[in-house]
Every structure is written in structure tokens, then in C-alpha cells.
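Okay, structure first, notes after.
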Ligand SMILES: Cc1cc2nc3c(=O)[nH]c(=O)nc-3n(C[C@H](O)[C@H](O)[C@H](O)COP(=O)(O)OP(=O)(O)OC[C@H]3O[C@@H](n4cnc5c(N)ncnc54)[C@H](O)[C@@H]3O)c2cc1C
């Protein structure tokens, strides 16, 4: 079998590369070589599968924004007659806590995230406790909450 492009490994990276090359319409034939159809040796099904924009680099935040939009619409794009492609996407949010030592980093990242349009908010300890009473706040300076970040189920993906 001949292919214009061969991708070695079919986890999320190989799968996404194959998909986006395919829909570009300019890649010719694309094949994915996948020795383990059960995914027992892949990282992807073992991930926690948070799709968060609480990143520090603008490039990562933009990629996460793209992923978030893509996963939110995943079922509409990927469902077939025999596979509903339900990845259980939910906007459950993401919460980062910092100790006083990491406070500068979290503040700097928060500024970058806001500049990139992420609707994140900083919570001081009393606001954190009021919103998330089960979260321990020992040695916590404050938290960053991104309520519209998402989660998926990694195995159906
Ligand atoms: C506990 C945990 C939690 C995580 N939580 C998150 C999270 O919340 N959010 C997030 O974004 N990321 C998370 N990650 C990271 C994320 O899961 C990985 O970055 C991602 O799954 C990597 O995908 P991949 O396609 O590169 O690798 P893999 O999923 O490992 O796929 C690689 C594939 O290549 C195949 N392969 C390897 N060598 C060869 C070869 N020589 N020939 C052919 N095939 C080969 C393997 O069999 C495998 O199927 C988490 C990871 C872990 C472990």
C-alpha cells in the first residue's frame, strides 16, 4: 500500500494530524500505522483529559482555545451512523491554586490568559472557600479559576 504521508502512532497526536491533513484536502493519501489497536500502550486513554486554557504561553493558550471549540463541537463533526462519537464533553472548569511562593508566576500567567481572552478570574482565599468549600486552603495565597474550560472522556476519544 502506498501513501503520500505516513503517520507513525495513532494516539491523539497521530489521530489529529491524520484528521486535519485529511480535511485540508491537500495532503493526498494519509495512512496511520498503529500496532496496538487496543491502545493499551498509548498515553491518550490514560489522561485526565482536561482541556484547559490556564497555560503560561500565548501559543499554548491559543491551541487550547482551538481544542476547546473543536471538542465542544466534536459530536456534530465526528458522529457516524454507527458511532455517536460521544466524548462526554462538559464545561466543568479548571482551578489552579498557588502557594505564596508561586504567586508571581500565577499572576503573570493570569495576565497572559486574560490578554488572550480567557474568562479566568483570580479568587482570594475567602472567595475560593465560598465558591469551593471542599478545597483545602492551607498555605494557599489565591487561586485562578477558568469556569468555561472543559473535560472529555479519554477512552471514547
Ligand atoms: C496521568 C495523565 C494525565 C494527563 N492529563 C492530561 C490532561 O488533563 N490534559 C491534557 O491535555 N493532557 C493530559 N495528559 C497528557 C496527554 O495524555 C498526552 O500528552 C497525550 O495523550 C499524548 O498523545 P500522543 O498521541 O503523543 O501519545 P500516545 O497517546 O501515547 O500515542 C502514541 C501512539 O504511538 C504508538 N507508537 C509508539 N511507538 C511506535 C512505533 N515505533 N511504531 C508505531 N506506533 C508506535 C503507541 O502505541 C501509541 O498508540 C495526561 C497524561 C497522563 C499520563
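The values are calculated or read from the model by the stated rules, or taken from the named source; none is laboratory data. In this text the structure is predicted, and so the values were computed from the model without any measurement. Please note: Cβ atoms are built from the backbone with ideal geometry, for glycine as well, and neighbour counts cover all protein chains shown.
Can you find a residue that is assigned to a helix (DSSP H, G or I) and either outside the structural domain of residue 151 (by TED's automatic domain parsing) or within 30 Å of residue 115 (Cβ to Cβ) (or both) anywhere in the range 91-99? No: the range 91-99 contains no residue that is assigned to a helix (DSSP H, G or I) and either outside the structural domain of residue 151 (by TED's automatic domain parsing) or within 30 Å of residue 115 (Cβ to Cβ) (or both).
Scanning the range 3-33 for residues that are part of a loop (DSSP other than H, G, I, E, B) and out of contact with any strand residue (DSSP E or B) (no Cβ under 9 Å at 6 or more places or on another chain) turns up 11, 25, 26.
Does residue 3 satisfy being under 30 Å from residue 144 (Cα atoms) and surrounded by 12 or more Cβ atoms within 10 Å (Cβ to Cβ)? No.
The set of residues in the range 53-73 that are out of contact with any helix residue (DSSP H, G or I) (no Cβ under 8 Å at 6 or more places or on another chain) and either within 23 Å of residue 144 (Cα to Cα) or in contact (Cβ under 8 Å) with a residue 60 or more places away in the chain (or both) comprises 59, 60, 62, 63, 64, 65, 66, 67, 68, 69, 71, 72.
Only one of the numbered conditions (1) under 21 Å from the mean Cα position of the chain (by Cα); (2) away from the ligand (no atom under 11 Å from the Cβ); (3) assigned to a loop (DSSP other than H, G, I, E, B) is not met by residue 66, and that is (3). For the range 69-109, the set of residues classified as over 14 Å from the mean Cα position of the chain (by Cα) and farther than 30 Å from residue 129 by Cβ consists of 75, 76, 77, 78, 79, 80, 81, 82, 83, 84, 85, 86, listed by residue number. The set of residues in the range 17-51 being near the ligand (Cβ under 8 Å from one of its atoms), under 30 Å from residue 146 (Cβ atoms) and at pLDDT 90 or above consists of 42, 43, 44, 45, 46, 47, 48, 49, 50, 51. For the range 105-149, a tally of residues being in contact (Cβ under 8 Å) with a residue 40 or more places away in the chain and part of a helix (DSSP H, G or I) returns 6. Applying the selection to the range 147-157, what residues are more than 13 Å from residue 74 (Cβ to Cβ) and surrounded by 21 or more Cβ atoms within 10 Å (Cβ to Cβ)? Answer for the range 147-157, where residues must be more than 13 Å from residue 74 (Cβ to Cβ) and surrounded by 21 or more Cβ atoms within 10 Å (Cβ to Cβ): just 149.
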